[in-house]
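Single-structure report; data block below.
The values are calculated or read from the model by the stated rules, or taken from the named source; none is laboratory data. Quantities reported herein were computed from a predicted structural model and do not represent experimental measurements. Ideal geometry is used to build each Cβ from the backbone, glycine not excepted, and the neighbour counts take in all protein chains shown.
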Amino acid sequence: MTILLFLALDVIVRQSRARADVSTVDTRAVAWSYPVRLPEGLFFARTHTWMSLFPSGKMRLGVDDFVGRLLDSPSIAYLKTPHQRVQKGEPILVLTEGDHSLTIRAPMDGEILERNDRLC
């Protein structure tokens, strides 16, 4: 009977230590292991794009740092030309590197005013 009591106490102590170990994980170590640039004044969308809004109502759109780390030097294929309207979620460009490609979608409805052809 005494042995069973000590075994039960041992199980309880081990479980409480395991819970304490999980609750004291240092999240700062995770944040510093993969630093992502988050510039001020930009809005980020689920489509891995950022938007910089101007008082005129225009916006500048770019690809976020996460995509930049996935692809070293991708080729860019624009799917829309200037003065075309786009709907939120519609494909606007494709980034390709080797056998991998990533379709970037419009984060909001709007009209393409110009594109950065220096990237192609």
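Listing for the model above:
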{"quantity": "Residue count for the stretch 38-59, restricted to those that are loosely packed, with under 12 Cβ neighbours inside 10 Å and under 15 Å from residue 88 (Cα atoms)", "calculated": "1"}
{"quantity": "So residue 79, is it over 24 Å from residue 40 (Cα atoms) and within 16 Å of the chain's Cα centre (by Cα)", "calculated": "no"}
{"quantity": "Matching entry among 95, 70 (being at pLDDT 70 or above and touching a helix residue (DSSP H, G or I) at 6+ places or on another chain (Cβ under 8 Å))", "calculated": "95"}
{"quantity": "2 or more residues of a type in the set (S, T, N, Q): qualifying strands (runs of 3 or more DSSP E) within the stretch 57-120", "calculated": "100-105"}
{"quantity": "Any hit, the stretch 107-115, residues being under 22 Å from the mean Cα position of the chain (by Cα), farther than 13 Å from residue 49 by Cα and surrounded by 13 or more Cβ atoms within 10 Å (Cβ to Cβ)", "calculated": "no"}
{"quantity": "Residue among 86, 94, 67 that is among the β-branched types (Val, Ile, Thr) and touching a His at 6+ places or on another chain (Cβ under 7 Å)", "calculated": "67"}
